[in-house]
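Let me begin by presenting the structure, written as structure tokens, before commenting on it.
The values are calculated or read from the model by the stated rules, or taken from the named source; none is laboratory data. Bear in mind that the values here come from a model prediction, so they are computed numbers and not experimental data. Cβ placement follows ideal geometry from the backbone for every residue including glycine, while neighbour counts extend to all protein chains displayed.
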Amino acid sequence: MRWHQGLLVGVVALTLSACAGGQVRGADRSPQPAADTTAPTAQTTQNAQTTPAAQANDKTFVYAPNLDVVTDWDPATSYSNEIIAMANIYESLTRYNAQTQKAEPKLATEWTASADGKEWTFKLREGVTFHTGKPLTAEVAKQAIERTIKLNGGAAYIWAPVKTIAAPDPLTLTFSLKYAAPLDLVASSGYASYIYDPDGVSPDGDKDGGSGPYTIDQWAKGKETELTLKAYDGYWGGWKPEQYRKVAFRVTEQVNTAWQLLQSGEVSFVPRLNPQLFQQASGTQGVQTASTPSFQNLLLLFNTEKLDPEVRQALQHAIDYDGLVAALKGAGVKASGLVPPGLLGHTPGKEPVYDMDKAHELLQKRGFGVDGTELELSLTYAQGDDDQKLLVTLLTSALKKVNVTVKAKPMQWSAQWDQGKKGGQDIFVMYWYPDYADAYSWFYNMFRTEKETSFNLSYLKDKEIDKLIAGLPALTAVDQVKAHEAYADLQRRILDEQAAAAVPYVQTYQRALGADVKGYVDNPAYPNVVFFYDVTSP
Amino acid sequence: MRRLGAFLLALIVLASLAAPWLAPYPEDAVDPLSSLLPPSPEHWFGTDQAGRDIFSRVLYGGQTSLLIAIAVLGSSALVGVALGMTAGYAGGWLRDVIMRVTDIFLAFPALLLSVALAVVLDPTVTTVIVAIAATWWPWYARLSMSVAASVSTRPYVDAARCLGVPAPLIVVRHVLPNSLTPVLVQLSLDAGGVILTAAALSYLGLGAQDPIAEWGLMVEQGQSLISTNWWVVTFPGLAIVLTAFAFNVLGEGLRNALDPRRTVIK
Amino acid sequence: MVGYLIRRLGQALLVVAGVVTLTFVIMRLVPGDPAVAYAGPKATPEQLAAARERFGLDDPLAVQLVAYLRDLLTGDWGTSLHSRQPVLDDLALAFPASLELVGTALVIAVAVGLPVGVLAARFKTRFPDFVVRVGSMLAVSFPVFWLALAVQTIFATGLGWFPVAGEYDGDLDTASPLTLWTNITVVDALITGNWPILTSTLWHLVLPALVVAAYPAGVIAQLTRAALIEESTQDHARLARALGFRESTILTRFSLRAALNPVLALIALVFAYSIVNGFLVEAIFNWPGLGRYATTSIRSHDTPAIAGVTLLVAVVYVLANLVVDLLQGVVDPRARAR
Amino acid sequence: MIEVSDLEVRYGTHVAASVPALTVRPGECVAIVGESGSGKSSTLMALLGLAEASGNVTICGVDVLRAGPRELRRLRGSKAALVMQSPQAALPPTTRLGAFMRRALKLHGVRASMEEAMRAVLLDPALLRRYPHEISGGQAQRFAIALAIALGAEVILADEPTSALDVTVQAEVIAVLQRLRAERDLAVLMVSHDLALVSTIADRIVVMKDGQVVGTLTHPYTRQELEAVFGAQG
């Protein structure tokens, strides 16, 4: 009996000592003065005016993402969900404005491009310092972009047109390009366009090399409150009392749980609710909603090698566009062409039509249809995505009426993409969103001939279309009117003539916020990002 | 107790088998305009997001669940008893090998192995059956092995051996009949567990896929609507509880009737 | 006894090795390129090739398996493709919270299941027995994910008696920071006397732990009842009766300890089962355990991570069995003679 | 002192045994003999009120079949003691022998020296620290007897006490039983199927077949009497 107890006690002691030592989770780690964390409670804010040194507003903005936030802390290679934090820690030369469809000044105050769109000069903002204390100079900016290009991770390809970068004086940055490209748009990208102090970059998130309004306070991977940010006092934009000085990311997988937390005021922002909850939210006291069209649309790519043109056109007419958008209850808006609204190249008036008779007529031309031979189509879509499941359900039951059976297979992205690269399906259902606010991304990635298939999953091989796509960057940089005509022409060829794809809807973001959040503007160029610096709370 | 279980189960089996006639709407009648209607005389259990009648789908879902339960229990009992018999009767190194393999599968958390398998084979009802059977047969192997081992030491089995009766014949004629009772009891007890695991798999999106009516899947689809349209998630969930409960009650009753003395750990 | 223990450890290692190989092979048969989980959904062909090269994904299966097993022994459980951290670090971060949830659930399950089982055995075939049998059968019939949803909607959102989600109130991280020793919040809070976090965590723990405890409580009650009834028909119970002992004394003093044997074995089994059950509950209650990590790994079919999670649960199952073996020796002298 | 008259032991509707009359006076040893299933064990259990029965049974002045549960509990153990067939199985496996005896003594409020009781049955008191599975069958049976004596039982009901033991150990147990019966004037009622053993120690033998008493032999038995009763069945 004795040695049993000995063994048990030994085991317990072992596990205790083996685990993490006395590392304090809640306390601050960066050299902030202690006073900062023990912020005074709400009632003292009234007399904040009398004691300017006291904390203006210690309310925390709580963002409830449904996925883990941070996968990669390096601003050069970061390419996933952490954009919702990075966009507030780091800044780029420019920021895209969806209303004006133009890139606007941020770290660069102004910029000029040569006539041929190959020489660009940016004037940098004065008085900007990184969180590491180092001031912003053209030399540091040059180093940052060159490091991003060298690492070639994430969306580094956006700098492909750049030949050389120069820093003639501390506040001037010049680029010379291999071919004309809209560098102001490229510089506004959500990924790989940050200007940072390379010395501040650290993979485990204890410090950052950003110049943005917030800096990292606490990162506890895998915990419910995974990440907290705090205001950077030295920010060039300065601080006003009603702005949020602290931000917390509280990961909530279940949309229903997020909705409860929002109602109880424990959370200030939920990026996506399902349509039913969104409807209820608009009528709930203490909650406000914001619905904005995004730059993400749903695409059905038809296998141009296996399916006859008439069949592809029939499929375009067999989608119940209005029924789908109705069932989505606001989560999507009918698309017109390949390019979502808010981007140069969006052509209104190309809304597709649901017409089963025409579809049947087209099918009969190829010997299919009710009295023809039965047509079987294989379709792959994203597993676990309710909206895509809804589309597939509607399409399957519609095509059943015209003797076309759809074998739909939900798959995880890596498996679906792998099968797609080998031409394994007739219809490939997926979302697409650009890395920076430029319609070029759809055409370059999905409809340009590729030797080794990557995203051209309709396997389109059309010389004319390739030539038009190649000309787009130059036109966008130099002559936007001509660029618009080129986009319209391309969409006519791809959608009408080749019928290589169908675009059922553009996803609309359905955000829900606490009633006390003021001034929130949803910028579709930066998916799911809230610019905490631009919102206020009374 | 047993009568309650038998009655409940008969009710569920009948309702599911008669689904095509009983159900007011076809299984996958999609009607986007009447999506998410509350329970009403036309739709006793209301409709789901795609406008399908939940009452009909719960009935059809019964068919899926029973199919899965029977297929899983049948196949795993078959494999398990066969392996268990050979191990129990043969003994020696063969027994050890089989037992070690059984231990490995037993150590494997049932749901995780099912999930791993379901990820490999694309998600359909057959995947669910294969995935769960792969984690369920070890129970029957271990059970029938212990029974077979004890039965094969009985004198009349030795006598048959002395007469030169070939081993397989002995196993089939003597060892098997005596081992069936505990296995049968265990089968009825496990049915509830299989239905829960199948529902969990579909809930994770790795089991049956739309438009097949499967209770676990329906709960998953209705889950995010719980505060706006409560009925979408409630009725399939209740169906699972009721069926699992019926199986458990029947199993308990069977165990007491057939095998009062043996307490079998599942 | 020591010889017996070494043999058991040998068997356990064999089982764990078998589980690892099985998982790894199954995962590698999965269609689709695991490199995508690392390089990102929109990675360029070169980035994918680089990722495949880095993780040796192009080598033949056998080579990868051998490499994986060799690394395993040196404590390198591979790098998770989707979190880009060593798998062991991810597990060390996330597992304690799952342990906390399942551990509490089991404590509740035993605290409820055992006495209820004894009660049912004591009043065999009378009303309390009937109530316990129906109740325990109901408890094992609930799909845990559905029960979690129902309990959350009724008691947290509806009545507001308990918090909706999370491990403890968010603002406590700054108000009263927690020093980490074992990464298990309740234990750390207890050790460092951090009462605000302790009470808040316990308060958040109630609903999820009760949901996870339903199945084990049911089976423990059923088995305790059956084992006790069987014990009470043994000769020694008859002798005790003949010696004038009262029925309840016989049950609690003599039969219970003997009946604990099968119950202990069941607890080890149900422990591993409940961890996986816990995964489903964690998602609904926002519990920062292994569930989120497991489901994300499965969705992005991140082989090393899934193999790591499975291995961890298998090791826990084997360890639980070993601990139970030791406990059985303590509880029942007959077991010690084995 | 045991007095039984027109006893009928029933399991539900089936009558397991019926005994018209049986008395065992202090110091006397009576044996009930018959094949298994002849109802002898049920009879023994009925005497302690542990089986459904009608008729009347008085042990040490207590009318067993009509006594209340508390009175019965006081009778069992302190007045009438049971010795069972399989010694190890008859003792709670997870309790040490000494602890079990101490609890039994406390239950009946008897202050007796456990060591003395052990020595009376020729057992080393150190065995009290052992668990039931750590002693032999013979020792366990003698411990049961020691338990009875320690509690001051006047009547001992033994249900096939030696059939599970091998011959040499049987002799020891019987010798102890005989000695204590003489010293303490105990009334012993023994159930067995071993005629040879029984005929050496029993004053009277009651023979039962299919639940009925078919004959009673008193010591010394002649061969004829034995054959007359058993020979007849062939």
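Answer with yes or no whether C:LEU280 is away from chain D (no Cβ under 14 Å), assigned to a helix (DSSP H, G or I) and either surrounded by fewer than 22 Cβ atoms within 10 Å (Cβ to Cβ) or aromatic (Phe, Trp, Tyr) (or both).
So C:LEU280 does not fit the description; no.
Can you find, within the stretch D:119-135, the residue that is nearest to the other protein chains (Cβ to nearest Cβ) among those that are under 28 Å from C:GLY329 (Cα atoms) and in a helix (DSSP H, G or I)?
As a first pass, look at the stretch D:119-135 and keep what is under 28 Å from C:GLY329 (Cα atoms): D:123-135.
Subset that is in a helix (DSSP H, G or I): D:125-129, D:132-134.
Values: D:PRO125: 20, D:ALA126: 17, D:LEU127: 14, D:LEU128: 15, D:ARG129: 12, D:PRO132: 8, D:HIS133: 5, D:GLU134: 8 Å.
Selected residue: D:HIS133.
Output the residue which, of all residues in the stretch B:38-52 that are farther than 14 Å from A:ALA326 by Cβ and more than 29 Å from the chain's Cα centre (by Cα), is surrounded by the most Cβ atoms within 10 Å (Cβ to Cβ).
Only one residue fits best here, namely B:HIS43.
When you go through B:GLY62, B:GLY51, B:GLY46 one by one, which is the residue that is farther than 23 Å from C:THR23 by Cα and modelled with pLDDT under 85?
Just a single option satisfies the conditions, and that option is B:GLY51.
Among the residues of the stretch D:176-218, write down those that are under 15 Å from the mean Cα position of the chain (by Cα) and of a type in the set (Gly, Ala, Ser).
D:ALA187, D:SER192, D:ALA202
If I filter the stretch C:154-187 down to residues being closer than 23 Å to C:GLY291 by Cβ and aromatic (Phe, Trp, Tyr), which single residue comes out as nearest to the other protein chains (Cβ to nearest Cβ)? Reasoning before the result, please.
Going through the stretch C:154-187, the residues closer than 23 Å to C:GLY291 by Cβ turn out to be C:154-157, C:162-170, C:172-173, C:178, C:180, C:182-187.
Those left that are additionally aromatic (Phe, Trp, Tyr): C:155, C:162, C:168.
On the way: C:PHE155: 12, C:PHE162: 12, C:TYR168: 9 Å.
Per the criteria, the residue is C:TYR168.
Among the residues of the stretch C:26-46, what is the count of those that are within 18 Å of A:THR453 (Cα to Cα), more than 7 Å from chain A (Cβ to nearest Cβ) and without any contact (Cβ under 8 Å) to a residue 24 or more places away in the chain?
4
Could you say whether any residue in the stretch D:122-137 is under 18 Å from the mean Cα position of the chain (by Cα), touching a residue at least 40 places away in the same chain (Cβ under 8 Å) and buried (at least 23 other Cβ atoms within 10 Å of the Cβ)?
no
Given the criterion of a type in the set (S, T, N, Q), more than 30 Å from C:TYR293 (Cα to Cα) and at pLDDT below 95, identify the matching residue among A:THR77, A:THR100.
A:THR100
When only residues in the stretch A:324-351 that are of a type in the set (Gly, Ala, Ser) and out of contact with any Pro (no Cβ under 7 Å at 6 or more places or on another chain) count, which is surrounded by the fewest Cβ atoms within 10 Å (Cβ to Cβ)?
Out of the qualifying residues, it is A:GLY349.
On the basis of being more than 12 Å from chain A (Cβ to nearest Cβ) and over 21 Å from C:PHE95 (Cα atoms), does C:VAL151 make the cut?
Yes.
Would you check if A:SER176 is touching a Lys or Arg at 6+ places or on another chain (Cβ under 6 Å), crowded, with 24+ Cβ neighbours inside 10 Å and in contact (Cβ under 8 Å) with a residue 24 or more places away in the chain?
Values: touching a Lys or Arg at 6+ places or on another chain (Cβ under 6 Å): yes; crowded, with 24+ Cβ neighbours inside 10 Å: no; in contact (Cβ under 8 Å) with a residue 24 or more places away in the chain: yes.
Considered against the rule, which asks whether it is touching a Lys or Arg at 6+ places or on another chain (Cβ under 6 Å), crowded, with 24+ Cβ neighbours inside 10 Å and in contact (Cβ under 8 Å) with a residue 24 or more places away in the chain, A:SER176 comes out as no.
So C:TRP195 fits all but one of (1) surrounded by fewer than 19 Cβ atoms within 10 Å (Cβ to Cβ); (2) within 14 Å of chain A (Cβ to nearest Cβ); (3) under 23 Å from C:PRO288 (Cβ atoms); what number is the exception?
(2) is the only condition that C:TRP195 fails.
Please enumerate the residues belonging to the stretch D:70-109 that are of a type in the set (A, V, I, L, M, F, W, C), within 7 Å of chain C (Cβ to nearest Cβ) and touching a residue at least 60 places away in the same chain (Cβ under 8 Å).
D:LEU82, D:MET84
So which pairs qualify, if the first residue must be in the stretch D:169-189 and closer than 15 Å to D:ALA144 by Cβ and crowded, with 18+ Cβ neighbours inside 10 Å, the second must be modelled with pLDDT under 85 and acidic (Asp, Glu), the Cβ gap must be under 8 Å, and the two must be at least 6 apart or on different chains?
Qualifying pairs under 8 Å: none.
Tell me which helices (runs of 4 or more DSSP H) are completely within the stretch D:1-109 and hold 1 or more residues being hydroxyl-bearing (Ser, Thr, Tyr), or say none if there are none.
On the way: elements: D:40-47, D:69-78, D:97-108.
Filter on the stretch D:1-109 gives D:40-47, D:69-78.
Can you name the residue in the stretch C:165-187 that is assigned to a loop (DSSP other than H, G, I, E, B), out of contact with any strand residue (DSSP E or B) (no Cβ under 7 Å at 6 or more places or on another chain) and over 23 Å from C:ALA105 (Cβ atoms) and is also modelled with the highest pLDDT among such residues? I'd like the intermediate steps shown before the answer.
Quick first cut of the stretch C:165-187, residues assigned to a loop (DSSP other than H, G, I, E, B) only: C:165-171, C:176-178, C:181-184.
After this cut, where a residue has to be out of contact with any strand residue (DSSP E or B) (no Cβ under 7 Å at 6 or more places or on another chain) as well, the list is C:165-169, C:171, C:176, C:178, C:181-184.
After this cut, where a residue has to be over 23 Å from C:ALA105 (Cβ atoms) as well, the list is C:171, C:176.
Working: C:ASP171: 74, C:SER176: 79.
Filtering first and then ranking leaves C:SER176.
Which one is nearest to the chain's Cα centre (by Cα), of the residues in the stretch B:206-219 that are surrounded by fewer than 24 Cβ atoms within 10 Å (Cβ to Cβ) and facing another protein chain (nearest Cβ under 8 Å)?
B:GLN209
Conditions: (1) within 27 Å of A:PHE532 (Cβ to Cβ); (2) of a type in the set (Phe, Trp, Tyr); (3) assigned to a strand (DSSP E or B). A:TYR191 meets all but one. Number of the miss?
(3)
I'm trying to understand the selection: among the residues of the stretch B:143-178, which are under 14 Å from B:ALA90 (Cβ atoms) and outside any helix (DSSP H, G or I)?
B:SER152, B:THR153, B:PRO166, listed by residue number.
Hey, any hits in the stretch A:358-368 for a residue that's under 14 Å from A:ALA502 (Cα atoms), touching a residue at least 60 places away in the same chain (Cβ under 8 Å) and surrounded by 17 or more Cβ atoms within 10 Å (Cβ to Cβ)?
Within the stretch A:358-368 (the criterion being under 14 Å from A:ALA502 (Cα atoms), touching a residue at least 60 places away in the same chain (Cβ under 8 Å) and surrounded by 17 or more Cβ atoms within 10 Å (Cβ to Cβ)), the answer is no, since none of the residues qualifies.
Which residue, of C:VAL112, C:VAL15, C:VAL30, is over 24 Å from A:GLY222 (Cα atoms) and modelled with pLDDT under 80? First the steps, then the outcome.
Details: C:VAL112 fails: modelled with pLDDT under 80; C:VAL15 fails: modelled with pLDDT under 80.
That would be C:VAL30, the only listed residue that is over 24 Å from A:GLY222 (Cα atoms) and modelled with pLDDT under 80.
Would you kindly identify the strands (runs of 3 or more DSSP E) lying entirely within the stretch A:374-480 that contain at least 2 residues that are touching a residue at least 40 places away in the same chain (Cβ under 8 Å), aliphatic (A, V, I, L, M) and closer than 19 Å to C:ARG299 by Cα?
Those strands (runs of 3 or more DSSP E) span A:427-432.
Would you mind stating whether B:ALA23 is in contact (Cβ under 8 Å) with a residue 40 or more places away in the chain and surrounded by fewer than 21 Cβ atoms within 10 Å (Cβ to Cβ)?
no
May I ask you to verify whether D:VAL57 is aliphatic (A, V, I, L, M), crowded, with 17+ Cβ neighbours inside 10 Å, touching a residue at least 40 places away in the same chain (Cβ under 8 Å) and over 26 Å from D:LEU165 (Cβ atoms)?
Yes: the conditions hold for D:VAL57.
Over 21 Å from the mean Cα position of the chain (by Cα) and either more than 14 Å from chain C (Cβ to nearest Cβ) or hydrophobic (A, V, I, L, M, F, W, C) (or both): is that true of A:GLY209 in this structure? Break it down stepwise before answering.
Values: over 21 Å from the mean Cα position of the chain (by Cα): yes; either more than 14 Å from chain C (Cβ to nearest Cβ) or hydrophobic (A, V, I, L, M, F, W, C) (or both): yes.
Yes: the conditions hold for A:GLY209.
Could you grab me the full set of residues in the stretch A:274-305 that are closer than 30 Å to A:GLY420 by Cα, modelled with pLDDT under 90 and either among the basic types (Lys, Arg) or part of a loop (DSSP other than H, G, I, E, B) (or both)?
Matches in the stretch A:274-305: A:ASN274 only.
Need the failing condition index for A:THR257 against (1) surrounded by 22 or more Cβ atoms within 10 Å (Cβ to Cβ); (2) more than 9 Å from every other protein chain (Cβ to nearest Cβ); (3) not aliphatic (A, V, I, L, M), just the number.
Here A:THR257 meets the rest and fails (2).
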